[in-house]
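The values are calculated or read from the model by the stated rules, or taken from the named source; none is laboratory data. Here the structure is a predicted model, which is why all the values come from computation and not from measurement. Neighbour counts run over all protein chains shown; Cβ positions are idealised from the backbone, glycine included.
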Amino acid sequence: MEDFFLFVIFEAILNFVGGTIRWFYGSIWRTIFNKPKFKYSEYLFGPEKNSTHYDEFAHHFNNKIIGGVFIFAVTILSIAICS
């Protein structure tokens, strides 16, 4: 049971980190190309239900992959710098 809660907390952290990175990148990209921007909550939880493109699993999956790669890269860089 404890493992389940740790797994859920870890997934929530990855979703938050990945969603924040996607929001930051998307905001800059959409500003440069003058496209409509999405809200921060849409990057974290997926587009609103009335959107024509809604796939909750894909948005959470992308957030977790991006968050995992980011945390892995920061860990490797910190190990390389400290050693």
Exactly one of Phe57, Phe38, Phe7, Phe72 is among the hydrophobic types (A, V, I, L, M, F, W, C) and part of a loop (DSSP other than H, G, I, E, B), and that residue is Phe38
List pairs: first in the range 56-83 and within 15 Å of Leu44 (Cβ to Cβ), second surrounded by fewer than 15 Cβ atoms within 10 Å (Cβ to Cβ) and of a type in the set (Val, Ile, Thr), Cβ under 8 Å, 6+ apart or cross-chain? Gly67/Ile13
Within the range 9-20, is there a residue that is modelled with pLDDT of 90 or more and among the hydroxyl-bearing types (Ser, Thr, Tyr)? yes
Tally up the residues in the range 27-60 that are at pLDDT 90 or above and under 11 Å from the mean Cα position of the chain (by Cα), please. 1
